Amino acid sequence: MNEEKLKKVMIQTLGCQMNVYDSERMADMLFLLGYEPTDSPWKADLVIVNTCAIREKAEQKVFSSVGRLCAIKQRRPRMKIAVAGCVAQQQAEKLSARFEGVDLILGTRVIHKLPDHVKALENGESRITDVEMPDSGGLSEENCPPAAQDYRRRPGGVSRYVTIMRGCDNFCSYCVVPYVRGRENSRPPGRIVEEVRGLVSAGAGEVVLLGQNVNSYGKKEKLCSFAELLEQVNDVEGVERIRFVTSHPRDLSDELAAAFSGVKKLCNHLHLPVQSGADPVLKRMNRKYTRDAYLERIEKLRSVSPDIAVTTDVIVGFPGETRQDFEMTLDLLEQVGFDTLFAFEYSDRPRAPARKFDSKVGQEEKNARLKQLLQTQEKITRRIHESLVGRTMNVLVEGYSRHGRSPRKQESGGCVEMTGRTSENRIVNFEINPDQGLVQPEDLIGKTAPVEIIRACANSLKGKMPVEESAVLYTSKGGKIHAA
Ligand code: 5AD
Ligand code: SF4
């Protein structure tokens with residue numbers, strides 16, 4: 001057997017979807033060098049930690065993770081350790097001073113150089129640092145290629161990410177992204193469509209287009225608008241669903257709002273981070289919109305698509321956030337009726353201007369605000385979920401639910417529980433009984449199936465497949481299983 005084929009790489013991915021995508025690309029590139037994936041650092045010849053710097057806690061996690069790996073390396077000295085991503089970009093010196101065991105530090109804009117650096121490590125070089133940040137001169141595809149054309153090997157399931165742009169030009173005052181990911185650059189639409197085609201041919205049903213601020217897609221490079229890109233992806237045969245993250249409320253154009261009715265495969269969900277419901281805070285955050293402008297955008301969206309699900313991000317305890325400001329945020333949650341939200345306690349980030357702002361909110365108060373915010377949202381989510389009971393919704397089935405294959409389930413009448421998402425991105429878990437022979441679990445994965453919602457849970461919905469539908473599915477001769 002070819003020795004080369006026996007090399008193993010473990011990639012640990014921390015942080016956002018961008019990192020998930022970058023890790024996939026790194027795996028692609030390393031596969032071409034003869035590396036196969038492994039989950040265990042005890043088996044790996046190379047370990048890559050793909051890191052996140054968005055909040056202080058995320059960064060602490062990186063340092064403890066790298067520390068653990070370096071301890072393992074003492075017992076496996078031939079193992080190479082690479083640190084990539086945002087912390088590598090920003091804290092290269094600290095990483096290299098603190099951890100002797102780290103062999104490669106790779107910045108966010110030089111991922112394409114990974115194979116060269118790994119080859120150098122194999123040839124005995126050590127302690128390579130490459131955190132070059134090519135400036136705004138335009139992001140060539142060289143810096144952002146789909147690494148391998150063999151998409152079938154890419155791990156992952158029904159829903160797959162495609163990065164359409166990198167970096168950010170917004171400079172929100174709390175945010176580290178513009179400093180660690182660089183200026184905003186977009187990939188040409190042709191390359192994106194080509195990658196989507198590849199992913200679909202490898203079994204993807206849903207593509208999620210990724211960028212820090214997708215609404216400004218293509219503007220700098222004069223490519224096409226984001227809405228036009230959506231049309232092009234919509235035309236790719238075999239794509240069932242399109243999602244995108246993240247939009248900036250300031251740039252949410254009427255053209256994009258209209259896409260929610262015009263682009264057939266675009267899901268009925270928008271993630272629109274609001275961060276705060278109080279104008280003075282939004283101003284200091286440098287978000288460049290007001291509470292009213294945000295609400296006006298929501299109204300516009302709902303005039304186009306009345307039952308669109310909107311989710312958001314909120315930061316609590318931003319410097320100078322008063323109790324009254326915070327209550328404005330709670331009030332906004334009720335007013336918009338978000339489906340769900342991601343909430344974060346503010347933390348200072350290197351280079352982000354807010355670190356120097358006065359009137360920092362104390363840790364205890366931040367904890368209390370976070371708790372209250374989550375409780376408020378919980379009630380709203382539950383209310384929305386309860387209003388859906390009795391409805392039948394199309395669910396793109398992703399696989400078995402967490403408990404889907406437990407022995408208890410198997411014993412209880414042979415039912416298995418599957419999981420998937422509605423177009424609104426709501427998680428639905430539903431049981432099917434393969435013993436009845438109507439529909440087999442494996443046949444459902446990657447297909448859109450009609451599921452009746454029977455119960456509301458805190459973070460998901462419980463459903464069942466209507467029996468008559470199962471019968472229809474059963475007789476569908478293995479073709480696409482679709483709701484009418
Ligand atoms: N502190 C807390 N939360 C932050 N976010 C970004 N920077 C910070 C910070 N310094 C949150 C924002 C953003 C999400 C990805 O992370 O809500 O939308
Ligand atoms: Fe950070 Fe603001 Fe850019 Fe989002 S839009 S990545 S919050 S600077």
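Taking amide H as placed 1.01 Å from N in the peptide plane, the amide H of PHE318 sits under 5 Å from that of TYR346, each at least 5 places away or on another chain. Length gained on full extension, ARG98 to ASP307, computed as 0.36 nm times the residue gap minus the Cα-Cα distance: 70.1 nm. Judged by the mean number of other Cβ atoms found within 10 Å, the most tightly packed of the peptides 85-91, 231-237, 249-255, 106-112 leads the ranking 85-91, 106-112, 249-255, 231-237. Within straight-line reach of LYS288, meaning a Cα separation under 12 Å, sit the following aspartates and glutamates at least 8 residues removed in sequence or on another chain: ASP251, ASP279. Taking the simple approach of a point 7 Å from Cα along Cα-to-Cβ for both LEU295 and THR322, what is their distance in nm? Computed distance between label sites LEU295 and THR322 equals 1.9 nm. For segment 87-112, the residues whose backbone nitrogen is under 17 Å from a point 7 Å from the Cα of ARG127, taken along Cα to Cβ, are 92-106. The separation of segment 372-399 from segment 59-138, counted between C-alpha centres, amounts to 41 Å.
In this simple spin-label model, placing a label point 7 Å from the Cα along the Cα-to-Cβ direction at both LEU374 and ALA71 gives a separation of 2.7 nm. On the beta carbon distance between GLU56 and VAL389, with R0 = 60 Å, the FRET formula returns roughly 0.90.
Judged by the gyration tensor of its Cα atoms, with axes a ≥ b ≥ c, segment 73-125 is oblate; a/c meets the 1.5 cut and b/c is at least as large as a/b. Label segment 1-65 by shape, choosing from rounded, prolate and oblate, from the square roots a ≥ b ≥ c of the eigenvalues of the Cα gyration tensor; if a/c is under 1.5 it is rounded, and otherwise prolate applies when a/b is larger than b/c, oblate when it is not. Since a/c reaches 1.5 but b/c is at least a/b, the shape of segment 1-65 is classed as oblate. Between rounded, prolate and oblate, where does segment 156-210 land on the alpha carbon gyration tensor, with a ≥ b ≥ c its root eigenvalues, rounded for a/c under 1.5, else prolate if a/b exceeds b/c? Here segment 156-210 falls in the prolate category.
In the chain, the DSSP beta bridges split such that about 30 percent are antiparallel, to the nearest 5. If R0 is 30 Å, the Cβ-Cβ spacing of VAL193 and SER253 corresponds to a FRET efficiency of close to 0.90. Looking at segment 27-122, the chymotrypsin sites (Phe, Trp or Tyr not before Pro) that sit in a DSSP loop and have at most 15 other Cβ atoms within 10 Å of their own Cβ are TRP42.
The protection proxy used here, the mean number of other Cβ atoms lying within 10 Å of each residue, ranks peptides 361-367, 240-246, 180-186 as follows, highest first: 180-186, 240-246, 361-367.
Taking 0.36 nm per residue of sequence separation and removing the Cα-Cα distance, the ASP116/ALA458 pair yields an extension gain of 118.3 nm. The share of Cα pairs per 10 Å bin across the chain, counted from zero up to the longest distance, runs 4, 18, 26, 28, 19, 6, 0 percent. Surface composition of segment 229-273: carbon and sulfur make up 43 percent of the accessible area, probe 1.4 Å.
Solvent-accessible area per residue in the chain equals 45 Å², computed with a 1.4 angstrom probe and all protein chains kept.
The slack between LYS220 and LYS288, meaning 0.36 nm per residue of separation minus the straight C-alpha distance, is 22.6 nm.
The values are calculated or read from the model by the stated rules, or taken from the named source; none is laboratory data. What you see is a predicted model; the values in this text were computed from it and never measured. In this analysis, Cβ positions are derived from the backbone assuming ideal geometry, glycine residues included, and neighbour counts consider all displayed protein chains. Surface areas here come from the heavy atoms of the whole protein model, side chains and all, with no ligands, DNA or RNA. Shrake-Rupley method; radii C 1.70, N 1.55, O 1.52, S 1.80 Å.
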